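Chemist: A single structure is presented below for examination.
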Amino acid sequence: MAIDKAQSTLSRALHTTISGMIVQNKRMLIIAENLANAGVRNTVAGELPYKRRIPSFKTFFDKRSKSQLVALAKIEKDKSPFPKIFAPDDPAADKDGFVYESNVRAVLEMADMREAARSHEGCLKAYERILSMLQNTINLLKN
């Protein structure tokens, strides 16, 4: 009975760590998209360039696995202003001669990417530990 409860607890922990890794992968994809669009300017007068995207997360209880999981809640657009560059000869310039550059700051994105990678790594290490504990439980049952 105690071993069954331990396995149940360990399987719930596996679900939680897996959801954490999935969310961090999605976060890194969003960051990579932001980085790919850093420094991009508007190409048509009156249009704005790429807006930085910011993911947010939520936790929820999954009844099927009986686990607390994490998921991507929504992706918002950054409300910070676009840098203006005076370029009156640019065909995409507005009436005042400015073109707008994406509001993505590469240094901030790189720091965020590093944090996401470390979070993913932490989830992976926890996952490996849990698998090891499950293997130890199976070995105890064999003996």
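Chemist: Would you mind ranking Val104, Val99, Val40, Val70 by Cβ crowding within 10 Å, fewest neighbours first?
Modeler: Going from sparsest to densest Cβ surroundings: Val40, Val70, Val99, Val104.
Chemist: Still on this model: What is the fewest-to-most order of Val23, Val44 by other Cβ atoms lying within 10 Å of their Cβ?
Modeler: Going from least to most buried by this count: Val44, Val23.
Chemist: In whole Å and largest first, what semi-axes does the C-alpha gyration tensor of region 1-84 yield when each eigenvalue is scaled by 5 and square-rooted?
Modeler: The equivalent ellipsoid of region 1-84 has semi-axes of 42, 11, 7 Å.
Chemist: Compute the acute angle (0 to 90°) between the alpha-carbon long axis of helix 106-142 and the principal axis of greatest extent of the alpha-carbon atoms of the chain; round to the nearest 10°.
Modeler: Rounded to the nearest ten degrees, it is 10.
Chemist: Would you compute, from DSSP H runs of 4+ residues alone, the mean residue ellipticity of the chain at 222 nm, taking -39500 (n - 2.57) per run and dividing by the full residue count, rounded to the nearest 500?
Modeler: Theoretical 222 nm ellipticity from helices: -18500 deg cm²/dmol.
Chemist: Between Ser67, Ser19, Ser80, where does the largest GNM mean-square fluctuation fall for the chain, given springs only between Cα atoms within less than 10 Å?
Modeler: Of the options given, Ser80 has the highest mean-square fluctuation.
Chemist: Can you list, largest first and rounded to whole Å, the semi-axes you get for the chain by taking the square root of 5 times each eigenvalue of its Cα gyration tensor?
Modeler: Square roots of five times the eigenvalues give 48, 14, 8 Å.
Chemist: Additional query: Would you look at the GNM of the chain, springs on alpha carbons closer than 10 Å, and say which of Lys58, Lys95, Lys66 moves the most?
Modeler: Highest fluctuation among the options: Lys95.
Chemist: Mind checking which lysines have their Cα closer than 16 Å to the Cα of Lys84? Skip sequence neighbours fewer than 8 apart in that chain.
Modeler: Counting by Cα, and skipping residues close in sequence, Lys84 has these lysines nearby: Lys51, Lys95.
Chemist: Give the lysines reachable from Lys63 as a straight Cα distance under 30 Å; neighbours fewer than 8 places away on the same chain don't count.
Modeler: Lys5, Lys26, Lys74, Lys125
Chemist: Note the angle between two axes, namely the Cα long axis of helix 2-36 and the longest principal axis of the Cα atoms of the chain, as a number of degrees from 0 to 90, rounded to the nearest 10.
Modeler: 10
Values in this text are rule-based calculations from the coordinates and carry no lab data. Predicted model, so just to flag it, every value in this text is computed and none were measured. Glycine gets a Cβ as well: all are built from the backbone with ideal geometry, and neighbour counts include every protein chain shown.
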